[in-house]
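**Student:** Quick one: this structure, given as structure tokens, is what I'll be asking you about.
The values are calculated or read from the model by the stated rules, or taken from the named source; none is laboratory data. Just so it is clear, the structure is predicted and the values come from calculations on it, not from any experiment. Every residue, glycine as well, gets a Cβ built from its backbone with ideal geometry; the counts of neighbours run over all protein chains shown. These area figures cover heavy atoms from the full protein model, side chains too; ligands, DNA and RNA do not enter into them. Shrake-Rupley method; radii C 1.70, N 1.55, O 1.52, S 1.80 Å.
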Amino acid sequence: MDYQLLALEKRERFLAIKERIAALHHGDKRKLFLQHLEDAEYALFAFDIERAVAALGKRPTSSTATTTSWPTSWGETHFNEGDTEQALVYFSRVLEVKHDHYEGLVYSGVILYERVTTTGPRSS
């Protein structure tokens with residue numbers, strides 16, 4: 001039951017960002033990209049989180065929009081779920097591609113600020 005509730009929550013979050021992700025992709029493999037989004041959606045409707053993650057992991061990376069929108073969406077998802085370490089991994093990927101990416105900078109800044117304020121400054 002807990003697993004199904006988690007799958008429902010992930011599906012709702014995915015559906016909330018799916019159109020935004022799709023709209024940002026303009027690469028030459030758009031049809032394949034959209035198919036992976038659909039596969040992930042169907043997997044979440046079947047309460048199969050692992051299959052959804054596998055489908056999303058197959059996304060093509062042929063455009064800058066894809067290489068920033070995809071990890072940003074996953075970063076936001078992890079951030080909202082309280083997994084800030086994994087969120088920071090995704091936002092770092094975004095910032096490697098686009099150094100002035102607004103969401104990447106804001107979320108990374110919040111995560112790093114919280115890290116410093118909860119653990120104190122690190123000595124070198």
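**Student:** Restricting the search to the stretch 77-117, which residues are open to solvent by 80 Å² or more (accessible area, probe 1.4 Å) and within 20 Å of residue 9 (Cβ to Cβ)?
**Tutor:** Matches in the stretch 77-117: 80, 85.
**Student:** Same structure again: Considering (1) surrounded by 14 or more Cβ atoms within 10 Å (Cβ to Cβ); (2) at pLDDT 80 or above; (3) on the phi < 0 side of the Ramachandran plot; (4) outside any helix (DSSP H, G or I), say which one residue 59 fails and leave the rest.
**Tutor:** The single condition residue 59 does not satisfy is (2).
**Student:** To continue, here is another question. Within the stretch 16-55, which residues are closer than 12 Å to residue 77 by Cβ and surrounded by fewer than 14 Cβ atoms within 10 Å (Cβ to Cβ)?
**Tutor:** Answer for the stretch 16-55, where residues must be closer than 12 Å to residue 77 by Cβ and surrounded by fewer than 14 Cβ atoms within 10 Å (Cβ to Cβ): just 16.
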